[in-house]
Amino acid sequence: MGSASGCIANIGPQERRKRLAFGIAALSVSVMIAAFCTVAGVRPVWRLPLFLPLFAGALGFFQARDKT
């Protein structure tokens, strides 16, 4: 059992930047699509697939932040 400060990053700075860029892009596209669907009056059930890019964007962001 180690402390969080003793963790060793398993990806380099370049890979962290790539994952962060992917996360930001996926989250941005998801927000734009959600905004369009809201303005266009799309039924909420058709917005459920937005979970996938939102999840992928969050994964990219958190992987970059946690260096994993």
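The values are calculated or read from the model by the stated rules, or taken from the named source; none is laboratory data. Computed from a prediction, not measured in an experiment: that's the story for all the values here. A quick note on method: Cβ atoms are made from the backbone with ideal geometry, for glycine too, and the neighbour counts reach across all protein chains shown.
Taking first residues from region 52-68 that are within 11 Å of I11 (Cβ to Cβ) and partners that are β-branched (V, I, T), the Cβ contacts under 8 Å between residues at least 6 apart in sequence or on separate chains come to Q63/I11; K67/I11; T68/I11. Taken over region 8-17, the criterion of being assigned to a helix (DSSP H, G or I) and touching a residue at least 12 places away in the same chain (Cβ under 8 Å) is satisfied by R16, R17.
The residues on offer are R16, R47, R65, and the sole one that is of a type in the set (D, E, K, R) and either loosely packed, with under 13 Cβ neighbours inside 10 Å or at pLDDT below 90 (or both) is R65.
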